[in-house]
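The structure appears below as structure tokens.
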Amino acid sequence: MTLTLYYDPLSSPCRAVVNLLELAKIPYEKKLVNFFKGETKTPEYLKINPLGLVPALEDNGFIVVEHEAILRYIVNTHKEAQIFFPADVKTQALVDQYYPFHHYSVRRFTLHHALGSLSALPEGTFDKETSFKDIESSLGKFDSIFLQDKRYLAGDNFTIADLSAVNELFQLYFATPDVDFNKFPRVKAWIERLFEDPVIKETIQPFLEFVGKA
């Protein structure tokens, strides 16, 4: 049966999953769940994902939630996607070592700063100076530790780790002009390299329209 993806195109984790499915040319059905309209909290959707978040993936009645788990499930069940998480143990280790940093630093600080810059956080919860310092620290580590002299996070070819990371950093790159990516040349070059991929470029379009940068 065809996979069913419950998603919101404004969600960076959702976009990472869409990227993988589209890049690997895996047939799937999209079901839009609008986070900002509260559709992730409806009784119907909570039966799919009791956490009330997107994305969620359904495969013949089996449901996977959390985008990293979904990416790995797709790779493990579809050989055409395995190129994005190769069997080479060293490549897998480089992917695996990135993800903790992704969750506690890149996604955490990027989401907070992007939403704060768009005035989408509750009043009094966004301190721009502190957020900016967190972002610069995170980007500095991404640049000097995780990219170093590599084209992508795990070597010469991009993997699921790059899909997760770039969809977060797109939000800063396109929506928050106060962040100077010229300070982080490897990150900037990496973002622009991935943005050249037509699948990745198409997937980000709804977000660019949302922030008026399409």
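Just so you know, all these numbers are worked out from the coordinates, no wet-lab data involved. Fair warning: this is a prediction, and the values are worked out from it, not measured in the lab. Cβ coordinates were reconstructed from backbone atoms using ideal geometry, including for glycine residues, and neighbour counts include every protein chain displayed.
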task = Taking a cut-off of 15 Å between Cα atoms, list the aspartates and glutamates near LYS37, but don't count ones fewer than 8 places away on the same chain.
result = ASP8
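Beyond a 20 Å Cα-Cα separation, which of these cross-linked pairs lie in this structure: LYS30/LYS201; LYS25/LYS150; LYS128/LYS201?
LYS25/LYS150; LYS128/LYS201
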note = Charge dipole of the chain built from unit charges on the beta carbon (Lys, Arg +1; Asp, Glu -1), centred at mean Cα; most positive-end Cα among PRO185, VAL95, LEU23 is VAL95
remark   = Expected max-MSF residue from THR203, THR130, THR176 in the GNM of the chain (alpha carbon, under 10 Å) is THR130
Partner lysines for LYS31 [C-alpha distance under 18 Å; skip if fewer than 8 residues away on the same chain] = LYS41, LYS47
ask   = Charges only on Cβ, +1 for Lys and Arg, -1 for Asp and Glu: so what's the dipole of segment 3-84 about the Cα centre, in debye to the nearest 20?
value = 80
message = Let me spell out the model: positive unit charges on the Cβ of Lys and Arg, negative unit charges on the Cβ of Asp and Glu, origin at the Cα centre of segment 89-210. What dipole size does that give, in debye rounded to 20?
response = 340
note = Largest fluctuation, HIS78, HIS102, HIS67 only, Gaussian network model of the chain with Cα springs under 10 angstrom, belongs to HIS78
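Treating only the Cβ atoms of Lys and Arg (+1) and Asp and Glu (-1) as charged, compute the dipole magnitude of the chain about its Cα centre; round to the nearest 20 debye.
Working: 23 positive and 29 negative charges, 21 e Å.
For this selection, approximately 100 debye.
Quick check on the chain: helices-only [θ] at 222 nm, where DSSP H runs of length 4 and up contribute -39,500 (n - 2.57) each and the sum goes over total residues. Nearest 500, please.
Values: 10 runs with 106 residues, N = 214.
Estimated from H runs of four or more residues: -15000 deg cm²/dmol.
What order, most packed first, do the peptides 15-24, 160-169, 192-201 have when packing is the mean number of other Cβ atoms within 10 Å of each residue? Write down the numbers at each step before the final one.
Numbers: 15-24: 23.0, 160-169: 26.0, 192-201: 14.3.
Order by mean packing, descending: 160-169, 15-24, 192-201.
Just check the chain against the gyration tensor rule for me: Cα atoms, a ≥ b ≥ c as the square roots of the eigenvalues, rounded for a/c under 1.5, and otherwise prolate or oblate depending on whether a/b exceeds b/c. Mind dumping the intermediate values first?
Values: a/c = 1.75, a/b = 1.13, b/c = 1.56.
Note, shape of the chain comes out oblate.
Take every DSSP beta bridge whose two residues both sit in the chain, then give the antiparallel share in percent to the nearest 5. Mind showing how you got there, number by number?
Working: 8 of 13 bridges.
Counting DSSP beta bridges with both partners in the chain, the antiparallel share is about 60 percent.
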query = How much length is gained if the chain between ASP96 and LYS31 is pulled fully straight, taking 0.36 nm per residue apart and subtracting their Cα-Cα distance, in nm to one decimal?
reply = 20.5 nm
